1. Let me know the mean shielding of B:426-432 by other chains, meaning the per-residue number of their Cβ atoms within 10 Å of its Cβ.
2. Give, rounded to the nearest 20 debye, the magnitude of the charge dipole that the protein assembly as shown has about its Cα centre when Lys and Arg contribute +1 at Cβ and Asp and Glu contribute -1 at Cβ.
3. Report the one residue of B:M329, B:P284, B:A376 whose Cα lies farthest in the direction of the positive end of the charge dipole of the range B:284-461 (charges on C-beta: Lys and Arg +1, Asp and Glu -1; origin at the Cα centre).
4. Separation between the A:D152 and A:T35 pseudo-spin-labels, each 7 Å from Cα along Cα→Cβ, expressed in nm?
5. Which order do the peptides B:214-226, B:431-443, B:67-79, A:99-111 take when ranked by the mean count of other beta-carbon atoms within 10 Å per residue, highest first?
6. Among A:A79, A:A11, A:A124, determine the one that fluctuates most according to a GNM of chain A built with springs between C-alpha atoms less than 10 Å apart.
7. With the dipole of chain B worked out from charges on the C-beta (+1 for Lys and Arg, -1 for Asp and Glu) around the Cα centre, which of B:L27, B:H197, B:G114 lies farthest toward the positive end?
8. Can you work out ³J(HN,Hα) from phi for every residue in the range B:149-161, in order, using Karplus 6.51 cos²θ - 1.76 cosθ + 1.60 and θ = phi - 60°, giving whole Hz and x for Gly and Pro?
Amino acid sequence: MSGWTEIKGRAVALAQSNIDTDQLIPARFMSAPRTDGYGDFLLHDVRQDDANHILNRYTNVDVLVTRRNFGSGSSREAAVYALVDFGIKAVLAPSFGDIFRSNAVNNGLLPAQLPEADIEDLIAAIGDDDVGATVDLSTSTVRIAGQELSFDLDPVWRKKLVNGWDDIDLTSQHNDGIQAFRAARFAAHPWALPTS
Amino acid sequence: MSGPQTLFSKLWTSHEVTRRDDGTSLLWVDRHLVHEGSHHAFAKLQSRGMSVAAPDLTFGVVDHYAPTRSGEVASDIRRMIDTLGRNARAQGIRLFDLRDPGQGIVHVIGPEQGLTLPGLLINCGDSHTSTHGAFGALAFGVGATEVAHILATQTIWQRRPNTMRMTINGALGPAVTAKDLALHWISILGADGARGHAIEYAGPAIRAMSMEARLTLCNLSIEGGARLGLIAPDQQTFDYIKGRNFAPKGTDWERALQDWSALATDEGAAFDQEVTIDANDVAPTVTWGTSPEDALPITGRVPDPAIMSGAKGQHARASLDYMGLEPGMALDAISIDQVFIGSCTNGRIEDLRMAASVLKGRKAKVPGLVSPGSAAVKKQAEAEGLAQVFTQAGLEWAQSGCSMCVGMNGDRVKSGDRCASSTNRNFKGRQGRGARTHLMSPAMVAAAAVSGHLADVRPLLEGRT
């Protein structure tokens with residue numbers, strides 16, 4: 001996966017709270033292989049029920065601005081695949097589901113946390129249109145709707161996004177330590193090995 | 001480290017292989033549970049030419065796509081099940097497949113098989129992995145990339161969450177269950193109220209709970225946004241585990257009991273947050289909206305978005321629109337089209353017993369499906385005569401699996417239909433496109449079934465339990 005430091009693109013607002021991963025990708029699409037592309041599955045049923053949905057009117061979207069608890073619920077990483085394959089590279093919200101945030105960073109999608117008041121101002125400023133937006137990971141700032149805002153981002157996650165790093169590569173250098181840990185753990189706590 | 005420790009801190013420290021300067025820990029994984037949905041992770045592993053690092057600690061089960069009724073199985077469902085079987089065989093992983101007497105929902109069979117033990121770190125690519133915390137295990141759900149990482153290394157990188165102690169004082173009333181307690185606290189703190197936190201449930205109401213009730217409570221931690229839920233093990237926990245298939249035996253058992261006796265929060269240990277709930281305040285609770293936080297006592301009324309502020313009001317308006325409800329309606333006046341009993345939240349034997357005690361000698365006014373949480377639960381329910389109670393009431397008795405909780409196997413609620421459900425998520429479209437879900441305890445589902453509308457179970461159980 002390739003990393004990124006800055007994106008300059010278009011942003012829209014989705015003025016809803018609690019957009020869960022079941023809405024982001026309904027379960028029935030999750031048996032598809034990733035190589036088919038997941039972009040069409042993004043908010044599939046919601047978009048099909050509402051021809052005027054913001055993501056039907058604008059399909060060239062890089063940044064999504066939305067309300068609290070985005071990506072809550074099911075751990076399905078397919079929700080992130082749908083966003084990424086649609087073309088979205090950053091989501092700005094007051095809060096995210098914990099598992100979703102990790103999944104996002106593992107796939108090059110920035111979950112940028114901003115104060116609720118900033119998000120409400122942005123949603124009001126963007127309305128039903130799309131606007132230009134620039135996201136800069138090196139400074140943790142976003143320029144959007146005439147404002148420059150700072151977001152919270154875990155420094156490790158910044159590194160992963162910028163470098164497109166994969167944890168499996170990072171962990172291989174700890175292989176000896178892991179093997180030693182396993183041996184010590186089961187020697188001290190033999191009951192922790194499954195019997196039968 | 002010195003000073004008094006929380007249970008969470010003890011578990012975390014005992015699994016830390018290493019810690020980076022930035023504070024992220026590499027944690028050892030004692031049990032990794034996989035299911036059909038793990039196909040993305042196996043594909044990732046294959047694309048790197050890697051194999052599973054610890055097949056002896058990895059267990060597979062068919063649950064998310066498991067067919068629960070007879071008849072032809074759709075080809076994409078068959079493919080998902082076959083793919084898991086192929087991956088498990090290729091990697092030497094013990095698989096509980098459809099015909100295995102140990103098959104069931106992953107979070108039901110973990111404890112049932114003795115795979116879930118106090119002091120272990122347990123991961124699964126499923127958010128309800130928090131369930132296993134009921135045994136004093138560090139258990140949390142992960143995404144596909146993390147599943148691939150665990151398969152490849154038997155470890156996971158995690159940032160340490162904050163801690164929250166939720167003390168439940170008092171006692172739950174008759175017919176008020178762990179499900180009601182969970183919906184109650186989530187309605188107070190919000191669906192993201194425990195975000196970034198590991199919750200330890202404590203207090204007299206927790207000690208009084210059965211293991212199965214504790215599993216229900218820990219299961220729903222994720223619906224309040226928590227990373228995981230935990231309960232310190234006690235004699236009841238040990239009694240539950242003893243003699244189970246994969247549980248420690250002989251001298252290992254004695255050693256385990258010694259280790260497990262230290263698994264409690266020390267007197268004076270500090271939590272980042274303390275929350276106190278009075279169990280006596282909890283009534284049979286139902287959801288009215290499209291988030292688990294949209295929950296109220298059955299004696300209440302549908303809220304009025306007009307008197308709620310800003311984003312909250314907008315969420316409520318959109319929820320009521322989707323749910324087809326009017327503000328101010330009495331909750332027990334909401335008529336239903338069908339019921340579902342099952343899931344990793346409420347598909348265990350005690351859940352079925354309680355639902356059956358409501359249904360016995362009564363007829364359901366709406367159709368419904370009962371899917372036991374595992375093949376073992378099914379067998380036991382049949383031996384106890386519970387299955388007969390369900391079928392005599394007019395409900396369908398099916399095989400075990402995730403079934404209508406997630407709808408992946410084709411068990412779905414029709415668009416616009418309203419379902420009283422013992423499951424964990426009332427999200428838009430969760431039980432099927434356009435489906436309207438009301439979450440509640442299995443006893444409350446049974447009450448709704450015999451009433452044809454949402455109903456308070458308490459009068460229906462008078463003189464019965």
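Coordinate-derived values only; no laboratory data. Model, not experiment: these values are computed from the prediction. All Cβ positions, even for glycine, are placed from backbone atoms using ideal geometry, and neighbour counts span all protein chains on display.
1. Working: counts 1, 10, 9, 10, 7, 2, 3.
That average works out to 6.
2. Working: 63 positive and 74 negative charges, 287 e Å.
Dipole size: approximately 1380 debye.
3. Ranked along the dipole, the leading option is B:A376.
4. Inter-label distance under the simple model: 4.1 nm.
5. Details: B:214-226: 28.9, B:431-443: 26.1, B:67-79: 13.6, A:99-111: 24.2.
Descending packing order for the listed peptides: B:214-226, B:431-443, A:99-111, B:67-79.
6. For chain A, modelled as a Gaussian network with Cα springs under 10 Å, the answer is A:A124.
7. B:G114
8. Per residue, the Karplus-derived 3J(HN,Hα) values read 5, 5, 4, 7, 10, 6, 9, 9, 7, 9, 8, 5, x Hz.
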